[in-house]
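What follows is a short report on a single structure.
The values are calculated or read from the model by the stated rules, or taken from the named source; none is laboratory data. Small disclaimer: the values here were computed from a predicted structure and weren't measured. Methodologically, a virtual Cβ is constructed for each residue, glycine included, from the backbone with ideal geometry; neighbour enumeration extends over all protein chains shown. Accessible surface is based on the protein model in full, side chains and every heavy atom, while ligands, DNA and RNA are left aside. Shrake-Rupley method; radii C 1.70, N 1.55, O 1.52, S 1.80 Å.
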Amino acid sequence: MKKFLDEFKTFALRGNVMDLAVGVIIGGAFSAITTSLINDIIMPILGIFTSSISFADLSFQIGEAVITYGNFIQAVLNFFIMALVVFCMVKAINSLHQKKEEPAPAAPPEPSGEEKLLAEIRDLLKEQR
């Protein structure tokens with residue numbers, strides 16, 4: 001049991017796990033912002049085209065069950081907007097990393113045998129003058 005706890009402690013205190021925890025917390029806060037963007041800005045605009053204020057009002061009834069498919073549409077839009085924002089953020093971060101990791105310029109290629117011979121002839125002609 002002690003070995004298991006030691007392994008878990010090593011795993012939990014690793015930098016990647018801590019980064020993941022921070023990411024989850026920030027993601028939760030970011031989710032609230034995205035949900036507000038969807039509910040308060042995008043859905044009212046889309047509601048103009050569907051003759052309702054919000055997709056959340058869209059539903060139908062089967063027997064006693066009420067199917068609120070508008071909530072599902074809102075959740076899907078929320079996901080796509082969140083995915084788009086995360087994609088843009090990752091793309092921006094990757095472009096910053098690429099600028100930092102630009103390789104040093106390559107050394108000029110080794111002269112060919114013909115070029116070496118021409119350089120020797122040039123040097124001999126300079127000496128004769």
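Among 10, 34, 68, the sequence by solvent-accessible area, most first, with a 1.4 Å probe is 10, 68, 34. With unit charges on the beta carbon (Lys/Arg positive, Asp/Glu negative), name the residue among 32, 119, 88 whose Cα is farthest towards the positive pole of the charge dipole of the chain. Most positive-ward Cα: 32.
Rounded to the nearest 10 square angstrom, residue 57 shows an accessible area of 100 square angstrom against a 1.4 Å probe. A probe of 1.4 angstrom, applied to the heavy atoms of all protein chains, finds residue 2 with accessible area near 140 square angstrom. Evaluated with a Cβ-only charge set (Lys, Arg +1; Asp, Glu -1), the chain carries a dipole of roughly 340 debye about its Cα centre, given to the nearest 20. Among 77, 11, 108, whose Cα lies farthest out toward the positive end of the dipole of the chain, if unit charges sit on the beta carbon of Lys, Arg (+1) and Asp, Glu (-1)? It is 11.
Maximal additional length on extending the residue 112-residue 17 stretch stands at 28.8 nm, based on 0.36 nm per residue less the C-alpha distance.
Accessible surface comparison of 43, 18, 1, probe 1.4 Å, protein chains only, largest first: the order is 1, 18, 43. Accessible surface of residue 117, taken over heavy atoms with a 1.4 Å probe and every protein chain present, rounds to 100 Å². Axis angle, to the nearest 10 degrees, between helix 2-12 and the longest C-alpha principal axis of the chain: 80 degrees.
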